[in-house]
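The values are calculated or read from the model by the stated rules, or taken from the named source; none is laboratory data. All values derive from a computational prediction rather than experimental measurement. Backbone-built Cβ (ideal geometry, glycine too); neighbour counts: all protein chains shown.
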Amino acid sequence: MTPTPTDTVRLTPARLSLWMRTISSLLRTLPISRGKRRLARFLLARPPARENVQLTTRNGLHVVVPSLIEPISISLLATGSYEPQMLDVFREYLPVGGTFVDVGANIGLFAGEMSHQVGPMGHVIAIEASNRIFSHLLEMIALNHLENVRAILCAAHDRDEEAVSFWDAPVSSYGMGSLSKQFGASPVNVPARTLDGILAECQSPRVHVMKVDVEGFEAAVFRGASKLLAGPEKPVIAFEFNDWAEERAGFPVGEAQRILLDFGYRLRSLENWRPDTPTLSCPMIRGSDNLVATPS
């Protein structure tokens, strides 16, 4: 069944309550810190509406957040953006007219921002496995009238299957849906597809930048993208590493990094992503970080 747009509380700038506008204005004047996010969580403890709220980013992108108390939403409300360093990487490497692939697109924050980056002649492919979150992705596309974004409901994987088990996260943790059993939730079936197959269907001759955030299954995504990664024009890839999530997914910790190294990539932490900074000497196997992989 095709997901439908959510019933949304329209808290756009023109229609935000005085209470919400005051909080947002206050938070955005404060320096970014953990204390700022704690303050935001405290102030949002009893808002007039906490689910399916429309917010607007600093760059004017309209998104619908399933919950105001999830970290992504708090960052948007407090600063007007989410992971600005990641956006800097994308803007550095993604040309006008280029192609951006967002694997684990969630509500479409990065897909929407990069839609404007590539322009009307460019392409964005947004892949999301959660049926529930996919409806928010579709609403982001409709709210912003984005004609160059193609949304695909499936789990990017190392094989094609009609149905694999997927566990949604609670609405207060909407960014954490996974192919691993979690939260005591009941699984739902979602289709699984390889990224090579998706790109062939979309007739994408070249991918310039790709983001992968799939709760520990990044290795499966890369295994299903061997044609892309072995090609002469490899994309720049930003992806999440989390030791416990990768282990829970059944992969040796650091496997996603090893796959990219075998394809000739260089790895850097997002904190030191620029080409003149040192690369990682070996795969990370402890902790978590956002990593940037660039072709050698």
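Only one of the numbered conditions (1) part of a loop (DSSP other than H, G, I, E, B); (2) without any contact (Cβ under 8 Å) to a residue 60 or more places away in the chain is violated by Ala111, and that is (1).
All conditions in (1) touching a helix residue (DSSP H, G or I) at 6+ places or on another chain (Cβ under 8 Å); (2) closer than 23 Å to Ala156 by Cβ; (3) surrounded by fewer than 19 Cβ atoms within 10 Å (Cβ to Cβ); (4) of a type in the set (A, V, I, L, M, F, W, C) hold for Leu280, with the sole exception of (2).
Out of Val89, Val96, one residue alone is at pLDDT 95 or above, of a type in the set (Val, Ile, Thr), under 18 Å from Asn59 (Cβ atoms) and out of contact with any strand residue (DSSP E or B) (no Cβ under 7 Å at 6 or more places or on another chain). It is Val96.
Among the residues of the stretch 241-257, those identified as crowded, with 18+ Cβ neighbours inside 10 Å and without any contact (Cβ under 8 Å) to a residue 60 or more places away in the chain are Phe241, Asn242, Glu246, Phe251, Val253, Gly254, Glu255, Ala256, Gln257.
Just the residues that are part of a strand (DSSP E or B) and hydroxyl-bearing (Ser, Thr, Tyr), please, taken from the stretch 190-222. Once the filter is applied, which keeps residues that are part of a strand (DSSP E or B) and hydroxyl-bearing (Ser, Thr, Tyr), the stretch 190-222 yields only Thr194.
Identify, from the list Val101, Val124, the residue that is in contact with a helix residue (DSSP H, G or I) (Cβ under 9 Å, 6 or more places away or on another chain), in a strand (DSSP E or B) and either in contact (Cβ under 8 Å) with a residue 60 or more places away in the chain or in the same structural domain as Thr57 (by TED's automatic domain parsing) (or both).
Val101
Checking each residue of the stretch 75-88 against the condition of being under 17 Å from Gly175 (Cα atoms), within 15 Å of the chain's Cα centre (by Cα), touching a residue at least 40 places away in the same chain (Cβ under 8 Å) and part of a strand (DSSP E or B) gives no match.
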